[in-house]
Amino acid sequence: MITPLSLAIAAKRDELISLTQDLIRIPTLNPPGQDYLAICEYLDRRLAAHGFETQLIRAHGTPGDSAKYPRWNIIARRVGAHSGECVHFNSHTDVVEEGKGWTFDPFGAELKDGKIYGRGACDMKGGLAASIIAAETFIEIHPDFSGAIEISGTADEESGGYGGVAYLAEQGYFSPARVQHVIIPEPLNKDRICLGHRGGWWAEIETKGEIAHGSMPFLGDCAVRHMGAVLNEFENKLFPAMALRTTDMPVVPQGARSSTMNINSIHGGAKEQDADFDGLPSHCVPDSCRITIDRRFLAEEPLDDVRNEVTALLEGLRVTRPDFDYQLTEINSVLPSMTDREAPVVRTVAQAIRDVMGKDPEYVASPGTYDQKHIDRIGKLKNCIAYGPGVLELAHKPDEWIGVDDMIDSACVMGAALETLLLSKN
Ligand SMILES: [Zn+2]
């Protein structure tokens, strides 16, 4: 369906491209969390020029915040001509390391064949740019709108969001009294609505042994063999049990509809030698072995069950395995989050997708967590989705790109949603 708003958004193609390029060219790498102030100042200039009131907020004292790498966030708010509800677009400004394997400059933002290439192009500077163009164009066409529009650019999503959305939610910026609808333009594809995400539980497990001479291992106790027993329990019991569990959450890709666990790392015994060391190793029985685990769980699994399942296997080894000793240290946990399909923001964006793209939306949930968790748990705001342009599978990969047509289509969807939510119906 072609509307004056969608025509006006499509006419801003060049502006959308240059805005996206500008954002990609600010290398907001996290870690360490650099250039947050630069990108907030850029957004400040842009949005203030379009009539938004802006606030730059530093998340003092949050993980990673320092004089060298301050955690800056921006919230911009444009109030309409009449009272009404507030629609908030939240984008994280940080990007992950570029990694190897690029054929484009990761921060060059080169435009080629309708795609803009760069780290953060799809995750999620393209979504941020699309939401800015959608909001600015909506305001130009409907200057008498009701309610308010907010756009935030927030820090540290890639490292948990504690210096970004979590901090702002604690300060009340996502309270239901202030904000009624939240759209997070993460790259979930332009015809999909992401209702929420699975939970996560991260822990370190250390098995303990006793150091001795490597020629007489019977005089010590090998922590790596104990860890082998732990991994055997995981292979024989935990992984098969998790694979049988499925969820009603529409998680994509399909493989993530079961419980999963990754073993992120394993370290035991002597430290690995530097590459330039050409001496021979000494011989010791390792007295410690550590793994970190990344357990993703379903809305149907209580967090306590997730913990207890692992602990029970470890306790079982205490019984069956002489001298088995371990320590489990929890690193972090995040509960699943799931917005109701009948929530106002879901129904509105679903109809906007039908109107703009002439097809029904697909409802999905994310295998990993994103900032919706903080809006839900800290902000107590349930009316929140992720919706934005970009191919999810490209996130964090080399030669990440965002399609210009996809940004325009999703900006039209966001604009149509604003028309539904912020134009008085009489
Ligand atoms: Zn993201």
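Bear in mind that the values in this text are calculations on the coordinates, not laboratory data. Just so we're clear, the structure is a prediction, and the values are computed from it rather than from any experiment. Glycine gets a Cβ as well: all are built from the backbone with ideal geometry, and neighbour counts include every protein chain shown.
I'd like the antiparallel share, as a percent to the nearest 5, of DSSP beta bridges with both residues in the chain.
70
Please enumerate, by chain and number, the aspartates and glutamates with C-alpha under 15 Å from the C-alpha of K208, excluding those fewer than 8 residues away in the same chain.
Cross-link targets: D221, D287, E315, D323, D325.
Need the list of aspartates and glutamates near K100 for cross-linking: C-alpha distance under 18 angstrom, and skip anything on the same chain fewer than eight residues off.
Output for K100: E110, D123, E393, D399, E400.
What dipole magnitude, in Debye to the nearest 20, does region 1-152 give about its Cα centre under +1 on Lys/Arg Cβ and -1 on Asp/Glu Cβ?
Computed about the Cα centre, the dipole is about 180 debye.
When only Cα pairs under 8 Å and 6 or more residues apart are kept, what is the percent relative contact order across the chain?
The value is 25 percent.
According to the square roots a ≥ b ≥ c of the eigenvalues of the Cα gyration tensor, what is the shape class of region 21-176, taking rounded for a/c under 1.5, prolate for a/b larger than b/c otherwise, and oblate for the remainder?
Oblate.
Extension gain L394-D276, at 0.36 nm per residue separation less the Cα-Cα distance, in nm?
38.9 nm
Please give, to one decimal in nm, the separation of the simple spin-label points placed at L244 and A11, each 7 Å out from Cα toward the Cβ.
Here the answer is 6.3 nm between the modelled labels.
Based on DSSP H runs of at least 4 residues, each adding -39500 (n - 2.57), what is the mean residue ellipticity at 222 nm of the chain after dividing by all its residues, to the nearest 500 deg cm²/dmol?
After summing the helix terms and dividing by residue count, I get -9500 deg cm²/dmol.
Hey, rough spin-label estimate for H283 and E204, points 7 angstrom out along Cα→Cβ, what's it come to in nanometres?
Here the modelled spin labels are 3.1 nm apart.
Using Cβ counts within 10 Å as a stand-in for footprinting exposure, how do M1, M227, M357 rank, fewest first?
Listing M1, M227, M357 from fewest to most nearby Cβ atoms yields M1, M357, M227.
Which of the lysines could a cross-linker span from K382 if the Cα-Cα distance has to be under 19 Å and same-chain partners fewer than 8 positions apart are dropped?
K382 reaches K373.
V96 to D325: extension gain in nm, 0.36 nm per residue of separation minus the Cα-Cα distance?
In short, 78.7 nm is gained.
Mind listing the long-range amide H neighbours of R71? Cut-off is under 5 Å, sequence gap 5 or more, other chains count too, H placed in the peptide plane at 1.01 Å from N.
Amide H neighbours of R71, under 5 Å, 5+ apart: A59, S66.
Distance between Cα centroids, region 351-426 to region 30-87: provide it in whole Å.
Each part reduced to its Cα centre gives a spacing of 20 Å.
Within the chain, what is the longest stretch that has no GluC sites (Glu not before Pro) placed in a DSSP loop and near at most 10 other beta-carbon atoms within 10 Å?
Result, exposed sites excluded: 1-271.
Hey, fewest Cβ within 10 Å first, where do T320, T246, T3 land in order?
Final ranking by Cβ density, sparse to dense: T320, T246, T3.
Can you classify region 1-95 as rounded, prolate or oblate using the Cα gyration tensor, where a ≥ b ≥ c are the square roots of its eigenvalues, rounded means a/c under 1.5, and otherwise it's prolate if a/b beats b/c and oblate if not?
oblate
Which whole-Hz ³J(HN,Hα) couplings does region 355-369 yield from phi under the Karplus relation 6.51 cos²θ - 1.76 cosθ + 1.60, θ = phi - 60°, glycine and proline marked x?
3J(HN,Hα) across region 355-369, in whole Hz: 5, 7, 10, x, 8, 6, x, 9, 9, 9, 10, 8, x, x, 8.
Between T3 and R25, with labels modelled 7 Å along Cα→Cβ, what's the label distance in nm to one decimal, could you check?
Computed distance between label sites T3 and R25 equals 3.3 nm.
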